[in-house]
Each structure stands twice: as C-alpha cells, then as structure tokens.
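What follows is one structure encoded as structure tokens, with my remarks underneath.
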Amino acid sequence: MVLPVIVGIDEKHTVMVDLDNMSFRKVKNLAESACSHFKLGGIIILKSSPNHYHVVFDKPMRYWSDVLRVISWIGILADNPNVWKWVCMQAIKKTCTLRVSEKPTKNGFKPKPRIVYRYGSQNQRIKAFLGKRKEILNILRKVKKG
Amino acid sequence: MGKKQRKIGKAVRYRKAETIIRKLAKKGYSANKIQRELQKRGLGIRRKNMLKIIRKVKGVKKKPHAEKYIPRKYRARVKPLLIGKPIAVYGTVQGKSRRVVMSGTGRSLYNAMLYVSKHPPKKRFLRILADKIILFPRRYLDFDEKWDEHPKVIS
C-alpha cells in the first residue's frame with residue numbers, strides 16, 4: 001500500500017540538494033567539488049529513481065544563508081533547469097526538503113531513495129539525516145499497518 | 001612542620017581580592033598581571049568578576065562582542081545546533097499543492113501522521129507542532145477533503 005502523501009525531511013542547517021535528470025558521474029563530480037570548495041566534510045548520495053539523485057553534506061551550517069549559498073552554487077554549476085527550479089522552491093520555503101518515502105505516480109510509484117555512494121566524514125549531519133530517515137520510515141511502516 | 005594555613009571563606013577572599021585589584025588597577029597593571037598577583041597571595045577569584053572590578057576602577061564599559069578578544073581555545077563552547085525533527089508531509093488536493101511541516105517526538109509524529117496521511121490541511125502551507133494536530137485535528141485539517149492519489153509536486 002502506498003500513501004497518497006509524500007513524506008520528506010525538512011532541514012535548515014543541513015546542505016541537501018536534489019539533482020534531477022543527471023548522470024551519476026556528473027552528480028558525484030559536482031558533489032565532490034562542492035564538498036572540497038566549501039569544506040563540507042563528507043557527502044552521501046541517494047538514488048531516488050533512474051537519473052535522479054539526492055546529495056546530503058556532513059557539515060552543519062548555522063545560518064540558512066550559508067546553506068542557500070552552497071545550493072545556489074551547485075545549481076549554477078549543474079546547469080539544469082530542474083535543479084534551478086528546486087533551488088528556487090527551497091529559497092521560497094527557507095528550508096531544504098528531500099523525499100524519504102515512496103512517491104505515488106501515474107505508472108505506479110517511485111521507490112524510497114537508497115544510498116549509493118558515501119565519501120568523507122559521516123558523523124555530523126549525515127548521521128542525523130540517516131537517523132531521522134530511519135525514524136520516518138519506521139513511522140510510515142506503522143501507519144501503513146494501522 | 002609548618003603552620004597549617006587557615007582556609008579563607010569565599011566572601012572574605014573576594015573582599016580582600018577586591019581591595020588588591022583596585023590598588024593594582026589604579027597603578028595601571030594589566031588584568032593578567034593582577035590575576036597572577038592574586039594567585040600568588042592565594043586570593044584567586046573568577047576572572048569574570050575580576051574584570052568587572054577593573055572596569056569599574058577604569059571607568060570603561062564592556063566592549064560589544066567581548067568574545068572576540070578571548071583566544072578561540074578558551075572561548076565557551078557554543079551549544080550544538082538545536083535541531084528539531086521537522087518532517088514535511090506534502091501532496092496535492094485537486095491539483096493544488098498542500099504541505100504540513102510537523103515537529104515533535106517520534107510518538108507524537110506517528111499519531112499526527114495517522115490524521116495527516118488521510119486528511120489535508122485547511123491552509124496550503126502549515127507549520128505546526130505534531131501535538132497540536134493530535135489535540136485539535138479539526139481546527140487544522142480539512143476532514144471533507146482527501147489527498148489526490150497521484151500528486152505532482154516539487155519537494
């Protein structure tokens with residue numbers, strides 16, 4: 001059973017990016033260059049569907065403006081209208097959101113994002129992100145049962 | 001055997017230290033020198049309090065952003081970011097997107113999810129504590145409407 005809603009993690013202090021319509025190689029290069037340019041410690045890449053990836057960085061940011069700076073930088077380098085659209089949406093909301101649950105579509109559903117690549121340190125925001133993700137997935141499992 | 005030194009009470013120590021601080025500050029001693037002098041005499045007090053007395057003698061005010069004059073390794077540690085557990089639940093109702101951002105403990109998030117997964121919020125964008133949804137579901141959620149089966153939204 002798939003819920004009609006999408007559940008995601010809402011974060012103000014973690015740099016998270018949704019990179020759509022991009023190859024894994026390009027996502028990896030982009031994420032690693034952002035990680036070294038802004039000294040973000042480590043990264044984790046999750047695959048949400050073919051050619052759609054999520055990237056989470058390890059270093060916590062105190063201010064939203066810092067997060068926005070990084071995601072805008074990635075948006076410019078990505079040279080992809082889907083990413084620009086996503087970045088604009090996050091700027092309006094003042095938080096970054098990444099999907100955790102499955103996503104119902106016309107042709108069935110998209111599976112929940114799964115980890116495909118890890119690089120660098122993982123024990124700050126990535127650890128928190130994965131913990132929260134696990135908690136949400138547990139909640140959703142219980143909701144579907146009940 | 002040497003004579004056992006009597007321990008001075010805190011109040012007495014502070015009183016004695018204050019007179020010495022005033023005397024040395026008037027002479028133009030730096031805070032570090034005064035502190036060393038006090039320690040020699042067994043009258044060590046909190047540096048924060050000592051600086052307060054020195055400022056009073058010199059007639060100067062505390063500088064704004066005083067922290068930047070303390071070497072980084074001695075600065076009080078900034079508390080780690082207090083990050084809650086907001087989760088975003090979003091979808092569409094008749095083609096228009098609606099979103100609830102809830103925060104709370106795991107239990108309250110679960111109980112709120114039971115409502116939110118069935119009924120969309122009245123407002124298009126709702127940021128709320130999960131406990132409030134549990135207490136007053138009809139105030140925040142629209143029980144007459146349902147989420148679309150296939151939402152087309154941007155996260």
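Since every read-out is calculated from the coordinates, none of them should be taken as a lab result. Since the structure is predicted, the reported quantities are computational estimates derived from the model, not experimental observations. Every residue, glycine among them, receives a Cβ derived from its backbone with ideal geometry; neighbour counts consider all protein chains shown.
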query = What percentage of all Cα-Cα pairs in the stretch A:16-91 are separated by more than 20 Å?
reply = 21
note = Mean 1/r over distinct Cα pairs of the stretch B:46-135, inverted to a Kirkwood Rh in Å, yields 17.5
task = Can you tell me what the convex hull of the Cα atoms of the stretch B:87-140 projects to on average, as an area in nm²?
result = 3.2
query = Per the Kirkwood formula on distinct C-alpha pairs, the Rh of chain A is how many angstrom?
reply = 15.5
ask   = Other chains' Cβ within 10 Å of B:85-95 residues: what's the mean?
value = 6
The stretch A:106-146: Cα Rg divided by the 2.2 N^0.38 Å rule of thumb = 1.50
task = Would you calculate the volume per residue, in Å³, of the smallest convex hull containing every Cα atom of the protein assembly as shown?
result = 235
Ranking of A:Lys85, A:Lys134, A:Lys145, A:Lys28 by count of other Cβ atoms within 10 Å, fewest first = A:Lys145, A:Lys134, A:Lys85, A:Lys28
query = How do A:Met61, A:Met16 line up, fewest other C-beta atoms within 10 Å first?
reply = A:Met61, A:Met16
Number of partner chain Cβ atoms within 10 Å, mean per residue of A:131-144 = 3
query = Taking Cα atoms of chain B, Rg/Rh with Kirkwood Rh, to two decimals?
reply = 1.43
query = Taking the C-alpha atoms of the stretch B:113-155, how large are the radius of gyration and the largest Cα-Cα span, Dmax, in Å?
reply = 10.7, 30
task = Evaluate peptide B:101-114: per residue, the Cβ atoms of other protein chains within 10 Å of its Cβ; return the mean as an integer.
result = 3
task = Quote the relative contact order of the stretch A:8-145 in percent (integer), defining contacts as alpha-carbon pairs under 8 Å separated by 6+ residues.
result = 34
key: Radius ratio Rg over Rh of the stretch B:10-63, counting only Cα atoms, Kirkwood formula for Rh   = 0.93
query = Relative contact order (percent) for chain B, with alpha-carbon contacts under 8 angstrom and 6 or more residues of separation?
reply = 17
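Quick one: A:Tyr63, B:Tyr74, fewest Cβ neighbours within 10 Å first, how do they rank?
Values: A:Tyr63 10, B:Tyr74 7.
Listing A:Tyr63, B:Tyr74 from fewest to most nearby Cβ atoms yields B:Tyr74, A:Tyr63.
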task = Within 10 Å, count the other beta carbons around each residue, average over each peptide in A:45-57, A:2-14, B:132-144, and list them highest first.
result = A:2-14, A:45-57, B:132-144
ask   = So how far, in whole Å, is the C-alpha centre of the stretch A:51-115 from the one of the stretch B:91-106?
value = 17
key: Reachable aspartates and glutamates, given that their alpha-carbon falls under 19 Å from the alpha-carbon of B:Lys123 and they are not under 8 places away in the same chain   = A:Asp10, B:Asp131, B:Asp142, B:Asp144, B:Glu145, B:Asp148
request  = Give me the angle, in degrees from 0 to 90, between the Cα long axis of helix A:64-78 and the longest principal axis of the Cα atoms of chain A, rounded to the nearest 10.
outcome  = 90
